[in-house]
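Asker: Here it is, the structure, as structure tokens.
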Amino acid sequence: MEKRIIAIGGGEIKNKTTLEIDRYIANLAKEHAGEKRANALFIGTASHDSMPYFNSFRKTYTSVFDIKAEVALMVYGEMSLEKIAGKIDMADCIYIGGGDTVFMLEKWKEFGIEKLIIDAYEKGKIICGLSAGAICWFTDMYTDYEIMRGQSSEYVLKKGLGVLDGAMCPHFNDREQDFTAALKKGVIKSAYCVDNDCAIEFVNGKFTKVISAGGKAYMVSLDGQEIVKQELK
């Protein structure tokens with residue numbers, strides 16, 4: 001049984017800028033579903049359970065790919081843990097939306113859903129996520145947590161779930177200058193750096209390939225004072 005994570009650097013599902021990545025995910029979900037109609041569960045905790053965000057997800061996954069779209073709501077107490085556990089159990093694919101990563105992980109732990117999501121990954125359900133929903137799987141996350149709260153003007157490194165080794169920087173085409181400055185300060189040693197409209201796939205914890213809808217992905221590190229930027233394929 002393969003365990004798979006597709007980490008999307010960013011993009012606008014509403015405007016279908018990630019459509020080719022979504023097509024790849026949808027095909028995997030259908031393969032996982034076999035003879036039955038595939039089911040995709042959207043978890044929008046990082047966006048405080050934004051329903052417009054879920055509706056954009058549904059318009060792509062249901063209207064374009066004919067996959068049943070479900071949503072898990074936990075920020076405002078609309079659903080019980082038992083109900084969400086049932087949705088996770090039925091899902092072929094779990095899609096974790098972008099937003100406030102640290103808030104999301106804190107809410108998952110408080111609600112008791114963190115273990116359920118990791119268990120779903122261990123059972124071979126297709127796991128994918130964009131921005132916050134991508135970086136949360138790594139040991140370290142390069143995040144705008146403090147910027148969002150007005151606490152700092154700099155990105156910081158926070159601990160993720162640690163399912164995947166290393167660190168990830170999303171929206172790299174927007175954050176490259178800040179990220180390389182952080183490298184030179186010693187904040188971080190290296191990371192997978194993924195543009196908007198690009199994703200990196202991991203199978204059984206190992207990087208396997210890039211799925212692009214226009215963006216690129218890199219492994220970026222510091223060698224002495226020189227930035228080393230290796231494009232991933």
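The values are calculated or read from the model by the stated rules, or taken from the named source; none is laboratory data. Owing to the predicted nature of the structure, the values given are computational and were not obtained by experimental measurement. Cβ placement follows ideal geometry from the backbone for every residue including glycine, while neighbour counts extend to all protein chains displayed. In case anyone asks, the SASA skips ligands and DNA or RNA and just uses the protein heavy atoms, side chains included. Shrake-Rupley method; radii C 1.70, N 1.55, O 1.52, S 1.80 Å.
Asker: Any idea which residue in the stretch 144-177 is modelled with the lowest pLDDT, counting only those that are among the basic types (Lys, Arg) and open to solvent by 40 Å² or more (accessible area, probe 1.4 Å)?
Answerer: The residue in question is 149.
Asker: Determine which single condition residue 129 fails, assuming it passes every other condition in (1) closer than 19 Å to residue 7 by Cβ; (2) crowded, with 18+ Cβ neighbours inside 10 Å; (3) in contact with a helix residue (DSSP H, G or I) (Cβ under 8 Å, 6 or more places away or on another chain); (4) of a type in the set (Gly, Ala, Ser).
Answerer: It fails just one condition, (3).
Asker: Then there's this: Which ones in the stretch 34-59 are more than 16 Å from residue 22 (Cα to Cα) and either open to solvent by 20 Å² or more (accessible area, probe 1.4 Å) or in contact with a helix residue (DSSP H, G or I) (Cβ under 8 Å, 6 or more places away or on another chain) (or both)?
Answerer: 34, 35, 36, 37, 44, 45, 46, 47, 48, 50, 51, 52
Asker: Let me ask something else. Given the structure, is residue 122 open to solvent by 20 Å² or more (accessible area, probe 1.4 Å), among the charged types (D, E, K, R) and under 15 Å from the mean Cα position of the chain (by Cα)?
Answerer: Judged against the criteria, residue 122 is not a match.
Asker: Could you check the stretch 60-84 and list, in sequence order, the residues that are touching a strand residue (DSSP E or B) at 6+ places or on another chain (Cβ under 9 Å), open to solvent by 80 Å² or more (accessible area, probe 1.4 Å) and in contact (Cβ under 8 Å) with a residue 12 or more places away in the chain?
Answerer: Of everything in the stretch 60-84, just one residue is touching a strand residue (DSSP E or B) at 6+ places or on another chain (Cβ under 9 Å), open to solvent by 80 Å² or more (accessible area, probe 1.4 Å) and in contact (Cβ under 8 Å) with a residue 12 or more places away in the chain, namely 68.
Asker: Report, by residue number, each residue of the stretch 192-232 that is closer than 19 Å to residue 23 by Cα, open to solvent by 30 Å² or more (accessible area, probe 1.4 Å) and outside any strand (DSSP E or B).
Answerer: 196, 197, 213, 214, 216
Asker: For a quick check of your reading of the model, give me the residue pairs whose first member lies in the stretch 94-118 and is within 22 Å of residue 205 (Cβ to Cβ), whose second is of a type in the set (Asp, Glu), with beta-carbon atoms closer than 6 Å and at least 6 apart or on different chains.
Answerer: 108/114
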